[in-house]
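What follows draws every value from the coordinates through simple rules; no lab data is involved. Computed from a predicted model, the values in this text were never measured in an experiment. Positions of Cβ are generated from backbone atoms using ideal geometry, with glycine treated the same way; all protein chains shown enter the neighbour counts.
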Amino acid sequence: MSQSVCILGVTGSIGCSTLKVLEQHPDQYSVFAITGYSRIKELSEICKQFRPKCVVVPSAKMDELQQLLKLQNIADIEILTDEAGLIAVAQHPEVDVVMAAIVGAAGLLPTLAAVKAGKRVLLANKEALVMSGDIMLQAAQDNNALLLPVDSEHNAIFQCLPQNYLQTERNGEPKQGVKQILLTASGGPFLNHSIEQLRKVTPAQACKHPNWSMGRKISVDSATLMNKGLELIEACHLFSIKEQFVTVVVHPQSIIHSMVQYVDGSTLAQMGNPDMCTPIAHALAWPERIQTHVPPLDLFVHSQLDFQEPDIIRFPSLRLARDAMKEGGLAPAILNAANEVAVASFLQQQISFLEIPQVVEHVLNYVQNGLADSIETILQTDELARQVASQRITQLESRS
Ligand code: NDP
Ligand code: MG
C-alpha cells in the first residue's frame, strides 16, 4: 500500500533530497503535505510537480503563494499557516511518514507533534532532539512512533547496531556487546586552518563544504564542529549512551559515515558516497531497502581513507557540546539556542567565525541550568538563551 508523506522543510537541502528519493518510487509513496518558509517560488514549483493536498507557509507569505498557485491553475491545495499549520500537517491522520527537515528550534513542536501522533518520523532536524532529549524519546515510546535517524552518521550507527538494540533497556550503558560508537566528522572546510586563518574566514567560505551540499546553518556548524557537537548529543539520546562512549573521529573523505565497536574487537562501519539520499531512503523504507540514484561506492577511486583526532583548541564548539551533554538538563538547549543566534549573526557578518563559540560559551556560563522536565521550560530557556546571546553580540559589535 502507498505511504502518505509529509515533508516539513521541503524547500531545503534535505527536503529536496527527499523529493528526489520519493520521485523514484511513485507507487510506494505519495506527497500529502509540504511546508516552506521563505522560498515561496520554489514551493509553488514543488506544488505543481507533486500536487500535495496541503501546504504550509508563514501567514505573511500566504498571498504570494496563492497568487503563484493561481498562475499555475492549481486550485485544489489547502493552504495552512504558521506553527499551527505545521503541527496540523505533522499529526494529520492521513499522514504515515513525516520527514522532519526544518532547520533549528522552529522544528521542535511540529516534530514532537508527529512523534505524539505515532508517525514514522525521519529525523533530520537534530536541533529538535538536542533541545528536547528524553521528552521526545519518551513520547516516541508512549505513542509507538518510529523515530528513525536521517543524519548520515546516526543512520550509519543505526545500521551498524544489533537489530533490536533500541528496543531493550535504555540506561546510558552500552549493551549487547557494543563497546563504543565512533562518530565520524569530515572536519569541515577549515580542517587545516590555523587560528590566524580562522579569524578571517567569511560566511561564503564557511558555507562551502568539501563533501556535502547543505543549508547555510548546518554548513557553518560543520565548519565550527558544532555540528559534530550537536550530533554527539543526538547520538547519546537516540542510542541511549553516555557521552564517554562516543568518540569523534575526523575522517576527511566522508566515505565511512560512522562506526560501532564491539567487545570482541570487531568494528562495523557503514560506507557510501556522501549523498543524503542514501540515509533518507534507508529511513523511509526500513527494514526494507529501496533504490536510489546514488552510485555504488568505487573503492578503487576512493583508495585512501584517513583518520585523525579532532582539535578542540581550534574548534572549541565540540568541547562545549560535550560538556553540555555531561551537565545534562537544559544545557544542551541553551547551547543550541546560543549557537543558532551566533551562527545567524556570523552569516550577517556581525561577528567573526571565532566569536561563534565565544558567544555560546558566554551564554552557557550566564543562563542557569535546570531540569528539562517540560517543553514549556525548554522553550522558555531557549528564549532566554537567545536574548543573552543577542546582548553579547551587541557588546562584541560595539567593541569592534
Ligand atoms: P536548509 O536551510 O536547506 O532548509 C531548511 C528548511 O527549513 C527549509 O525548507 C526552510 O524553508 C525551512 N525553515 C527555515 N526556517 C524555518 C522556520 N522558522 N519555520 C519553518 N520552516 C523553516 O537546511 P537543511 O535542509 O540543510 O537542514 C535541515 C535540517 O536537517 C537541519 O536541522 C540540519 O541540521 C539537518 N541535516 C541536514 C543535512 C544536510 O545534508 N543538509 C544532513 C544532516 C542533517 P525556506 O527554505 O522556504 O526558507
Ligand atoms: Mg551529520
Checklist line | Output for the range 283-320, where each listed residue is touching a strand residue (DSSP E or B) at 6+ places or on another chain (Cβ under 8 Å) and surrounded by 16 or more Cβ atoms within 10 Å (Cβ to Cβ) | finding: ALA283, LEU284, TRP286, PRO310, LEU318
Item checked: Contacts under 7 angstrom Cβ, first residue in the range 64-88 being of a type in the set (Ser, Thr, Tyr), partner outside any strand (DSSP E or B), 6 or more apart -> THR81/PRO58; THR81/SER59; THR81/MET62
Next item on the list: With the checklist (1) touching a Leu at 6+ places or on another chain (Cβ under 7 Å); (2) closer than 30 Å to GLU355 by Cβ; (3) surrounded by fewer than 19 Cβ atoms within 10 Å (Cβ to Cβ) in hand, flag the one item LYS228 doesn't pass.
Entry: (3)
Notebook entry, point to check: Could you say which residue among ALA128, ALA139, ALA145 is within 10 Å of ligand 1 (Cβ to nearest atom), touching a residue at least 12 places away in the same chain (Cβ under 8 Å) and not basic (Lys, Arg)?
Noted result: ALA128
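Table: residues versus (1) part of a loop (DSSP other than H, G, I, E, B); (2) of a type in the set (Val, Ile, Thr).
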{"site": "LEU147", "(1), (2)": "no, no"}
{"site": "HIS154", "(1), (2)": "no, no"}
{"site": "ILE157", "(1), (2)": "no, yes"}
{"site": "GLU169", "(1), (2)": "yes, no"}
{"site": "ILE181", "(1), (2)": "no, yes"}
{"site": "PRO189", "(1), (2)": "yes, no"}
{"site": "HIS193", "(1), (2)": "yes, no"}
{"site": "LEU198", "(1), (2)": "no, no"}
{"site": "GLN205", "(1), (2)": "no, no"}
Check: So, in the range 75-134, of the ones that are more than 29 Å from LEU384 (Cβ to Cβ) and within 16 Å of ligand 2 (Cβ to nearest atom), which residue ends up surrounded by the fewest Cβ atoms within 10 Å (Cβ to Cβ)?
Finding: LEU122
Note to self: Being out of contact with any Cys (no Cβ under 8 Å at 6 or more places or on another chain) and free of Cβ contacts under 8 Å to residues at least 40 places away in the same chain: is that true of PRO296 here?
What the structure shows: yes
Next item on the list: Read through the list (1) more than 13 Å from ligand 1 (Cβ to nearest atom); (2) more than 27 Å from GLY328 (Cβ to Cβ), then give the number of the only condition that GLY215 fails.
Entry: (1)
